[in-house]
Amino acid sequence: MVINPLENWENLRYNIYENYYRKAGMNMANANMEALGFKKLTTEEIEAAGFNPFKMIGKDWMLVTAGDESSWNTMTASWGFMGIIWGKPAVMAVIRPQRYTKEFIDNSDYFTLSFFDEDMRSALLYCGKYSGRDVDKEKETGLKPICIDGSVSFEQAKTVVVCKKAYAQDMSEDCFADKGAVSAWYPDNDYHTSYIGEIVSVYVK
């Protein structure tokens, strides 16, 4: 089920996507979210859920995914933020220029952050080590992609955060006050692009 701070708008958008996928002959995963074990929470329940980004992102890791049913890619990330900006709940994901997933986020309005139980750790390790340009991540990991609100996540996820891309900016060496971070993390000058996404819905099991 879906957690949605903008429920009326989300219901309208859901109907638009549902009609689109039906006409295209695709499976509309949203219609089956309850059957997949997800449940709906209110906005108040989201706030009370006590999401801990330090654990969820930094220790458990996440898959950052963008695209659609016909073409998508995902990558593992352990850096990122959750909070409030411009009066809205939001996330920040950071992606290096050589990552294949960056191409999908740059060409998409939405992306997802997916979190998993520990038994999926090997899949996350694989998605962080190998590029979707070279391997079929779905085949090699057993991940089962599903369409969610104009983007893609996975049936095995326990929490999915759907984000509408709001802002993107390339990091620059000139902007680093901590020059030690430049030498430690960017010896090849492959600076991340920061993506801020407004949280439009959250699915939980």
In nm, to one decimal, how far is the modelled label at residue 183 from the one at residue 70, with both set 7 Å along Cα→Cβ?
4.9 nm
What is the magnitude of the charge dipole of the stretch 34-182 about its Cα centre, with +1 placed on the Cβ of each Lys and Arg, -1 on the Cβ of each Asp and Glu, and no other charges, expressed in debye to the nearest 20?
220 debye
Least to most buried among 127, 175, 147, by other C-beta atoms within 10 Å and fewest first, runs 175, 147, 127
Cα-Cα separations in the stretch 102-205 greater than 24 Å, expressed as whole percent
38 percent
Give me the number: length gained by fully extending residue 144 to residue 36, i.e. 0.36 nm times residue separation minus the C-alpha to C-alpha distance, one decimal in nm.
37.7 nm
Simple label model, 7 Å out from Cα along Cβ direction - residue 79 to residue 106, nm
1.8 nm
Neighbourhood net charge (15 Å Cβ-Cβ; Lys/Arg +1, Asp/Glu -1) for residue 99
-1
What's the exposure ranking of 54, 104, going from fewest to most Cβ atoms within 10 Å?
54, 104
Give the order of 133, 96 when sorted by the count of other beta carbons within 10 angstrom, beginning with the fewest.
133, 96
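Every number here is computed from the coordinates shown, using simple stated rules; none is lab data. Nothing here was measured: the structure is a model prediction, and the numbers come from that model. Using ideal geometry, Cβ is built from the backbone for each residue, glycine included, and neighbour counts are taken over all protein chains shown.
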